[in-house]
1. Only counting other Cβ atoms within 10 Å, I'd like Ser360, Ser246, Ser237 sorted with the fewest neighbours first.
2. Dipole of segment 376-444 (Lys/Arg Cβ +1, Asp/Glu Cβ -1, origin at the Cα centre): which of Leu413, Phe388, Gly439 lies farthest to the positive side?
3. Taking square-rooted eigenvalues a ≥ b ≥ c of the alpha carbon gyration tensor, is segment 362-444 rounded, prolate or oblate, where a/c under 1.5 means rounded and, failing that, a/b exceeding b/c means prolate?
4. Mind checking the dipole of segment 278-369: about its Cα centre, +1 per Lys or Arg Cβ, -1 per Asp or Glu Cβ, Debye to the nearest 20?
5. Please express the Cα-Cα pair-distance distribution P(r) of segment 155-252 as a list of whole percents, one per 5 Å bin, running from 0 to the bin with the greatest distance.
6. For segment 320-366, what Kirkwood radius comes out of the mean inverse Cα-Cα distance, in Å?
7. Calculate, for Arg382 and Asp340, the FRET efficiency according to 1/(1 + (r/R0)^6) with r their C-beta to C-beta distance and R0 41 Å; round to the nearest 0.05.
8. What distance in nm separates the two pseudo spin-label positions at Lys198 and Asp283, each 7 Å out from Cα along the beta-carbon direction?
Amino acid sequence: MTHDNGTTTTHDGTGAGDEKAAQSGNGRAPSRRSLLGWGGAGLALGAVTAGGTAAALRTGGDAQPAGADATAGSAVAFHGKHQAGIATAVQDRLHFASFDVTTDDRDELIALLKEWTKAAARMTAGDAVGDGAVGGLAEAPPDDTGEALGLPPSRLTLTFGIGPTLFEKDGKDRFGIKARRPEALIDLPQFPGDNLDKTRSGGDLCVQACADDPQVAVHAIRNLARIGFGKVAIRWSQLGFGKTSSTTPEAQTPRNMFGFKDGTHNLAGTDTAALDKHVWVADGAAKGKESWMAGGSYLVARRIRMHIETWDRTSRKEQEDIFGRDKGEGAPVGKKNERDTPHLKSMLPTAHVRLAHPDSNGGIRILRRGYSFTDGTDGLGRLDAGLFFLAYQHDVREGFVPLQKRLAANDALNEYIQHVGSAVFAVPPGVRHADDWWGRELFA
């Protein structure tokens with residue numbers, strides 16, 4: 001497809017046209033920082049093509065095809081109907097941050113969201129924020145923190161969400177938007193077995209940063225937190241590695257910290273019909289006070305602690321019975337390949353796959369983007385490790401809630417896991433153009 005600046009992007013996100021591809025998304029020639037950065041990136045990666053480099057220097061007018069697995073190091077388009085980072089091919093690393101809004105000024109919050117959006121568009125395109133880490137006045141702090149200087153975009157996506165407490169907190173309509181809180185943005189119920197840490201739960205806003213380079217993801221959250229100083233503060237955050245689910249079904253499903261493949265039949269990022277049915281809020285469903293959510297989605301984030309040491313002392317046979325899969329291939333019980341259709345009745349009634357499968361839940365499907373985490377030890381020599389579960393759906397009441405109720409009550413896996421953090425967010429539709437910004441439809 002051809003962009004307004006004359007550059008051409010193919011459906012896999014690569015560019016064509018040597019002279020025009022040297023232009024960045026705003027029409028300027030790439031800065032000296034960008035050129036030096038790409039020189040270093042070429043040495044580091046050794047596999048970024050000229051077309052991939054050109055695409056990474058642009059923001060791009062249309063969203064990358066949802067399931068496209070882009071060239072390593074390239075950019076994922078920021079603008080589009082839906083936010084990137086949901087159906088986008090899952091990257092290798094995560095930095096998720098939940099923010100509390102510390103200002104009570106509506107105009108100040110709106111100004112911050114506009115500034116955040118502008119910075120997000122630049123960072124996802126591989127550009128520095130503002131005048132960069134080495135530009136501007138030497139006597140003033142730089143506009144960009146600089147730790148991603150010289151690194152490619154690494155398929156960075158930044159996905160923005162709004163929590164229930166932004167609409168109302170302690171009975172107060174903080175920003176005049178209480179009446180526009182969607183009915184689907186519920187306060188999650190307490191599930192059996194939950195042991196939630198309030199310091200790792202909730203939040204007014206969230207930003208999910210996914211990238212193939214952890215430093216790029218951390219850089220993005222750090223810059224947004226710096227820009228928001230005095231207006232927002234990080235409530236909690238989570239680093240993730242080793243994606244535990246995939247939106248690209250042609251690839252093998254990654255393994256979780258228990259060594260098993262889970263979520264094999266996750267929604268594909270290219271299955272537009274399934275995404276429209278299960279993930280995106282339909283135009284017809286978003287009416288009146290909820291019209292601002294058309295094209296958006298709802299995110300549930302759960303920090304799930306895995307009792308690694310107990311699991312490691314469990315026999316392989318019992319582990320496989322608990323999941324309903326073999327540990328080697330990941331195939332369902334009695335099957336050969338991981339994507340073979342499972343015969344649910346051949347599994348134990350408490351098997352995780354049997355309880356979580358859509359056929360056992362009236363066809364419920366959610367889009368998973370979970371990551372493993374290891375945050376040191378807990379003071380008793382046990383790994384503080386597990387799954388940072390991220391699930392997108394068109395309505396939490398019809399997706400995560402009934403599914404988790406069933407799992408919390410019956411899943412044999414519960415002996416080895418515990419939910420210790422929880423949050424839910426409304427994820428608005430995508431930023432359509434350069435003058436658009438995160439949450440504009442809500443505050444309009």
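Readers should treat all values here as calculations from the given coordinates under stated rules, not as data from a laboratory. It should be emphasised that the depicted structure is a prediction, and the values quoted were computed from it without experimental measurement. Quick reminder, even Gly has a Cβ in these numbers, built from the backbone with ideal geometry, and neighbours come from all protein chains shown.
1. In increasing order of surrounding Cβ atoms, one gets Ser360, Ser237, Ser246.
2. The one lying farthest along the dipole's positive direction is Leu413.
3. oblate
4. Rounded to the nearest 20 debye, it is 160 debye.
5. Calculated over all Cα pairs of segment 155-252, the distribution is 2, 9, 16, 19, 19, 16, 12, 6, 1, 0 percent.
6. After inverting the mean inverse Cα-Cα distance, the result is 10.6 Å.
7. For Arg382 and Asp340, the calculated efficiency is 0.70.
8. It works out to 4.4 nm between the two label points.
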